[in-house]
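Shown next, in structure tokens, is the structure this report addresses.
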Amino acid sequence: MILMKSVQQMIKPWRHVFKLDPDRMISDEDLEAVCLSGTDAILIGGSTGVTYENTVDLLSRVRGFELPCALEVSELEAAVPGFDLYMIPMVLNTPDPAWIVGHHRRAIERYGFMIPWDSLLTEGYIVLNSDSSVARITGAETAIDAEEAAAYAQVADRLMSLPIVYLEYSGRFGDMETVRTVREMVEQAQLFYGGGITCEVEAEQAAALCDTVVVGNIIYSDVQQALLTVAAVKKTVQEQLD
Ligand code: 1GP
């Protein structure tokens with residue numbers, strides 16, 4: 001009997017992830033460098049302009065390389081088959097239930113029969129940069145303090161048993177004291193950090209506190225800097241093991 005690895009097991013060793021936006025241009029050369037960088041996975045997702053076509057296009061390009069590729073589903077119409085796993089965000093700090101369960105309910109009503117349940121992982125998203133598209137779109141209440149963020153993390157981790165807590169500072173490097181407070185409260189879930197990492201030092205700081213570090217924007221503005229974050233994260237993880 002062949003035992004399939006669960007998607008939760010698949011993401012356990014992920015320490016560094018590059019997030020690619022289907023709505024942004026990346027050259028073949030840069031994509032190759034990103035995919036061969038030693039990162040643990042490619043996560044495809046974005047807040048705006050994500051379509052079926054640009055998602056298929058990016059997936060097929062990433063498939064030229066041997067690393068896991070996940071889709072973070074934000075657009076129902078862009079839920080392309082063929083990814084290794086699907087990450088489903090639930091934004092916890094929004095007063096709008098559409099972003100917690102509403103879009104999810106509609107997706108299940110429309111596509112429930114074809115949802116690959118075993119390939120799904122739910123992310124308890126805590127959105128903390130008021131200037132980000134994700135905050136604007138979801139109406140997230142970003143003006144929360146570290147204790148409130150940690151309480152949301154516990155909602156995800158302890159009450160909802162979500163496999164992932166995702167601290168999302170998209171576009172801005174986060175407050176590491178808040179990240180630390182959240183870290184101390186998360187016991188079961190894998191803690192993802194994403195937002196504004198532009199150099200090795202920031203990557204190290206995030207890696208010291210979180211299980212998985214997600215690097216996005218800098219790929220498009222300075223790919224060489226982006227590539228350096230891989231070794232920075234791995235080095236930090238190694239130092240913690242020593
Ligand atoms: C965005 O968390 C990711 O969803 C990464 O953030 O793009 O700011 O690196 P940046």
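The values are calculated or read from the model by the stated rules, or taken from the named source; none is laboratory data. What you see is a predicted model, and the numbers here were worked out from it, not measured in a lab. Cβ sites come from the backbone with ideal geometry, for glycine too, and all protein chains shown count toward neighbours. In case anyone asks, the SASA skips ligands and DNA or RNA and just uses the protein heavy atoms, side chains included. Shrake-Rupley method; radii C 1.70, N 1.55, O 1.52, S 1.80 Å.
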Matching entry among LYS5, LYS19 (being among the basic types (Lys, Arg) and at pLDDT below 95): LYS5
Hits in segment 58-106 - residues which are within 15 Å of the ligand (Cβ to nearest atom) and either closer than 21 Å to ASP118 by Cβ or among the hydroxyl-bearing types (Ser, Thr, Tyr) (or both): ALA70, LEU71, GLU72, VAL73, SER74, MET87, ILE88, PRO89, MET90
Residues located in segment 17-66, provided they are outside any helix (DSSP H, G or I), over 26 Å from ASP131 (Cβ atoms) and among the aromatic types (Phe, Trp, Tyr): PHE65
Residues that are surrounded by 12 or more Cβ atoms within 10 Å (Cβ to Cβ) and aliphatic (A, V, I, L, M), drawn from segment 109-126: ILE115, LEU120, LEU121, ILE126
Tally, over segment 144-161, of residues that are among the aliphatic types (A, V, I, L, M) and within 25 Å of ASN217 (Cβ to Cβ): 5
Positions within segment 205-216 being within 14 Å of the ligand (Cβ to nearest atom) and either in a helix (DSSP H, G or I) or in contact with a Ser or Thr (Cβ under 8 Å, 6 or more places away or on another chain) (or both), in sequence order: GLN205, ALA206, ALA207, VAL213, VAL215, GLY216
Residue check for PHE83: touching a residue at least 24 places away in the same chain (Cβ under 8 Å), among the aromatic types (Phe, Trp, Tyr) and in a loop (DSSP other than H, G, I, E, B): yes
Filter result for the condition that a residue is out of contact with any helix residue (DSSP H, G or I) (no Cβ under 9 Å at 6 or more places or on another chain), open to solvent by less than 10 Å² (accessible area, probe 1.4 Å), away from the ligand (no atom under 15 Å from the Cβ) and at pLDDT 95 or above, over ALA156, ALA189: ALA156
Residue match in segment 219-239 (condition: in contact with a Leu (Cβ under 8 Å, 6 or more places away or on another chain), within 23 Å of MET87 (Cα to Cα) and open to solvent by less than 20 Å² (accessible area, probe 1.4 Å)): yes
Only one of GLU177, GLU202, GLU147, GLU184 that is farther than 19 Å from SER130 by Cβ, free of Cβ contacts under 8 Å to residues at least 40 places away in the same chain, in a helix (DSSP H, G or I) and more than 11 Å from the ligand (Cβ to nearest atom): GLU184
Residue within segment 219-241 that is acidic (Asp, Glu) and within 16 Å of the ligand (Cβ to nearest atom) present: yes
